[in-house]
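Reviewing the structure listed below.
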Amino acid sequence: MKNAINWFEIPSTDFARATAFYNTILDVTLRVEVFGGIPNAVFSSSANDHSIVGGAVVHNPFFKPAANGVVPYINATGVLDAVLSRVEGAGGKVLMPKTDIGFGSIAIILDSEGNRVGLHSY
């Protein structure tokens, strides 16, 4: 097992708002697809390289956003300061500012849906 995690899903109550939030703060365009009837806004990864962790914002009626559960960390290497500068304008909140942890820096945000999400930069 190369990675402990190989896929993550961030729940949304308003899929368009959540997709726009991540597109804005990360300055990307998430790829929107539907899997099993569930809308997914997929974070960029190589579909052919199974060593790369992937994930998506999902609009699944069985999942609820939460600020007190598992915290996924999104790779923000080289862009952490820029990402943090866009969080509040996109409808989120910075819960923990950029903090050096000895092997890079992390920050914790609350996204537009109420999920606690980490950002990590080497």
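Just name the residue that is nearest to Ile10 (Cα to Cα) out of those in the stretch 63-120 that are among the polar types (S, T, N, Q) and either surrounded by fewer than 17 Cβ atoms within 10 Å (Cβ to Cβ) or out of contact with any Lys or Arg (no Cβ under 9 Å at 6 or more places or on another chain) (or both).
Asn115
Please enumerate the residues belonging to the stretch 85-112 that are of a type in the set (Lys, Arg) and farther than 11 Å from Phe21 by Cβ.
Lys93, Lys98
Taking the condition surrounded by 15 or more Cβ atoms within 10 Å (Cβ to Cβ) and either without any contact (Cβ under 8 Å) to a residue 40 or more places away in the chain or farther than 16 Å from Asn23 by Cβ (or both), does Gly54 pass?
Criteria met by Gly54.
Looking only at the stretch 1-30, count how many residues are within 14 Å of the chain's Cα centre (by Cα) and within 20 Å of Arg86 (Cβ to Cβ).
Qualifying residue count, the stretch 1-30: 17.
Under 6 Å between Cβ atoms, at least 6 apart or on separate chains: pull out the pairs that start in the stretch 66-93 with a residue that is closer than 19 Å to Ser105 by Cβ and end on any residue that is exposed (fewer than 15 other Cβ atoms within 10 Å of the Cβ).
These pairs meet every condition: Thr77/Tyr122.
No value in this document is a laboratory result; all are computed from the given coordinates. Only a predicted model underlies this, so the values are computations on that prediction, with no experimental measurement involved. No Cβ is skipped: glycine too gets one built from the backbone with ideal geometry, and neighbour counts run over all protein chains shown.
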